[in-house]
Amino acid sequence: MKPIRLAIWGSGSGSNAQSIIDYFARNSEVSVSLILSDQSDAYILKRAAQADIPAYYMRESERKSPEWLIGLMSAHEIDLIALAGYMRMVSPVFLQRFQGPVLNIHPALLPAYGGKGLFGHRVHEAVISNKEKASGITIHRVNERYDEGEIIFQQQLIIEPGWSAEKLGEEVLKLEHFWYPRIIEKIAKNLPVNL
Ligand code: GRF
């Protein structure tokens, strides 16, 4: 059977992209078929080259054009999209027109610690400075507002006394790397995800 074709969109280091690439390298049902970045020097593009996956740097005019994006997804026969550290809003027109699921991962338990301006290290700094007892990860569908799409999966992480924002970030990233490929696989195959 033809593999389900996944595109990953990112803006930075792409450590989640790497865990997804590695996971699906052992699985013939899903293929990482395209990597897109809005940053020309993002490390995620180097990871794509190392893994021999077609990759594309999209200019501002391109990422703002739903027609261009739909054309690129169609040319690569993309069935679903996983945002992994993608720092831009996805065009609402594109979201209406793209047929498959579009997922994102966020390094906290949404709806807490989400929304515009709460990304990357800032999330962990806010969690630690508020003396929260737990944080975690959220995998959700993407809609026209930052971090507000339907939640598909969450995993909690207990914060141990004395943890810095940096330590929390490292522990959250381990959870992301474990869970994101597995949840993508469930969504790709239309299987239930048990929350
Ligand atoms: C992750 O923490 C993810 O939750 C957030 O951005 C970060 C991306 O890191 N959306 P990487 O580029 O996958 O290393």
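The values are calculated or read from the model by the stated rules, or taken from the named source; none is laboratory data. Note that the structure is a prediction, hence the values are computed from the model and not measured. Reconstructed Cβ throughout: ideal geometry from the backbone, glycine too, with neighbour counts over all protein chains shown.
Please work out if residue 194 is out of contact with any helix residue (DSSP H, G or I) (no Cβ under 8 Å at 6 or more places or on another chain), modelled with pLDDT under 95 and closer than 30 Å to residue 2 by Cα. Spell out the reasoning first.
On the way: out of contact with any helix residue (DSSP H, G or I) (no Cβ under 8 Å at 6 or more places or on another chain): yes; modelled with pLDDT under 95: yes; closer than 30 Å to residue 2 by Cα: yes.
Answer is yes for this residue.
Using the structure shown, decide if residue 61 is part of a loop (DSSP other than H, G, I, E, B) and surrounded by fewer than 12 Cβ atoms within 10 Å (Cβ to Cβ).
Details: part of a loop (DSSP other than H, G, I, E, B): no; surrounded by fewer than 12 Cβ atoms within 10 Å (Cβ to Cβ): yes.
No, not satisfied.
Quick one: which residue in 117, 169 is surrounded by fewer than 12 Cβ atoms within 10 Å (Cβ to Cβ) and within 23 Å of residue 88 (Cβ to Cβ)? Write out each step before concluding.
On the way: 169 fails: surrounded by fewer than 12 Cβ atoms within 10 Å (Cβ to Cβ).
Only one candidate qualifies: 117.
When the residues of the stretch 98-114 are filtered to those that are touching a Gly at 6+ places or on another chain (Cβ under 7 Å) and aliphatic (A, V, I, L, M), which remaining residue is surrounded by the fewest Cβ atoms within 10 Å (Cβ to Cβ)?
109
Return only the number of the condition from (1) surrounded by 20 or more Cβ atoms within 10 Å (Cβ to Cβ); (2) more than 12 Å from the ligand (Cβ to nearest atom) that residue 95 does not satisfy.
With respect to (1) surrounded by 20 or more Cβ atoms within 10 Å (Cβ to Cβ); (2) more than 12 Å from the ligand (Cβ to nearest atom), residue 95 is out only on (1).
If you check residue 13 against the conditions, is it within 16 Å of the ligand (Cβ to nearest atom) and in a loop (DSSP other than H, G, I, E, B)?
Numbers: within 16 Å of the ligand (Cβ to nearest atom): yes; in a loop (DSSP other than H, G, I, E, B): yes.
Yes.
Would you mind telling me which numbered condition in (1) out of contact with any His (no Cβ under 6 Å at 6 or more places or on another chain); (2) away from the ligand (no atom under 16 Å from the Cβ) residue 34 fails?
(1)
Hey, could you check the stretch 46-70 for residues that are farther than 18 Å from residue 8 by Cβ and among the small types (Gly, Ala, Ser) and say which is nearest to the chain's Cα centre (by Cα)?
65
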